[in-house]
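Heads up: the structure comes next, in structure tokens.
The values are calculated or read from the model by the stated rules, or taken from the named source; none is laboratory data. None of these values were measured; they are calculated from a predicted model. Methodologically, a virtual Cβ is constructed for each residue, glycine included, from the backbone with ideal geometry; neighbour enumeration extends over all protein chains shown.
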Amino acid sequence: MRKNQVIRNEETGESLTMLESEYDNGGKRQVYRVELPAHRPSPPLHYHVSFAETFSVLEGNLDVYLGKERKHRLLGKGESVIVQKLELHTFANTSDSPCTMQVETVPAGGVVRPFQLAYGVANQGNAGADGLRACIMTRGQL
């Protein structure tokens with residue numbers, strides 16, 4: 001995705017806006033804003049092999065779960081958490097209000113591509129009950 005491009009999951013109301021693309025900086029990082037509706041469940045617990053990820057809350061609250069034991073951290077406006085390479089994690093919005101977060105991946109890592117695929121599947125009416133369909137990704141995509 002290029003800077004200022006937006007993708008949206010019509011099934012869930014979730015959207016992603018690219019703020020800084022790897023195409024703008026030679027692959028050093030990606031920065032994007034995600035709008036999560038209220039009561040948005042988490043993706044499966046996962047990790048990334050090629051990049052660290054920073055979640056920063058701009059509005060609302062974000063539930064972040066870390067490690068195999070899913071240690072819960074509730075982040076509010078202005079708070080961040082850095083998830084290192086190979087660290088198990090997931091996130092959700094369990095509150096009654098929308099959440100806006102900014103995500104930075106260093107190096108870029110290509111994490112937005114799976115969102116494009118999942119949103120596309122959902123927008124074609126083929127999503128699971130949570131508005132997403134699990135995608136199998138190769139090591140190079142994570």
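Residues in the stretch 67-77 that are farther than 13 Å from residue 99 by Cβ and either touching a Ser or Thr at 6+ places or on another chain (Cβ under 8 Å) or surrounded by 13 or more Cβ atoms within 10 Å (Cβ to Cβ) (or both): 70, 73. Of everything in the stretch 29-43 that is closer than 14 Å to residue 112 by Cβ and crowded, with 19+ Cβ neighbours inside 10 Å, the residue that is nearest to the chain's Cα centre (by Cα) is 34. Criterion applied to 93, 61 was being touching a Ser or Thr at 6+ places or on another chain (Cβ under 6 Å) and modelled with pLDDT of 95 or more, and the one residue passing it is 61. Looking only at the stretch 31-39, decide whether some residue is of a type in the set (Phe, Trp, Tyr) and out of contact with any helix residue (DSSP H, G or I) (no Cβ under 9 Å at 6 or more places or on another chain). Looking for residues that are of a type in the set (Phe, Trp, Tyr) and out of contact with any helix residue (DSSP H, G or I) (no Cβ under 9 Å at 6 or more places or on another chain), one finds none in the stretch 31-39, hence no.
Criterion applied to 26, 60, 110 was being touching a Pro at 6+ places or on another chain (Cβ under 9 Å) and either surrounded by 14 or more Cβ atoms within 10 Å (Cβ to Cβ) or under 19 Å from residue 1 (Cα atoms) (or both), and the one residue passing it is 60. Of the listed requirements (1) under 15 Å from residue 116 (Cβ atoms); (2) surrounded by fewer than 19 Cβ atoms within 10 Å (Cβ to Cβ); (3) among the acidic types (Asp, Glu); (4) in contact with a strand residue (DSSP E or B) (Cβ under 7 Å, 6 or more places away or on another chain), residue 20 misses just one: (1).
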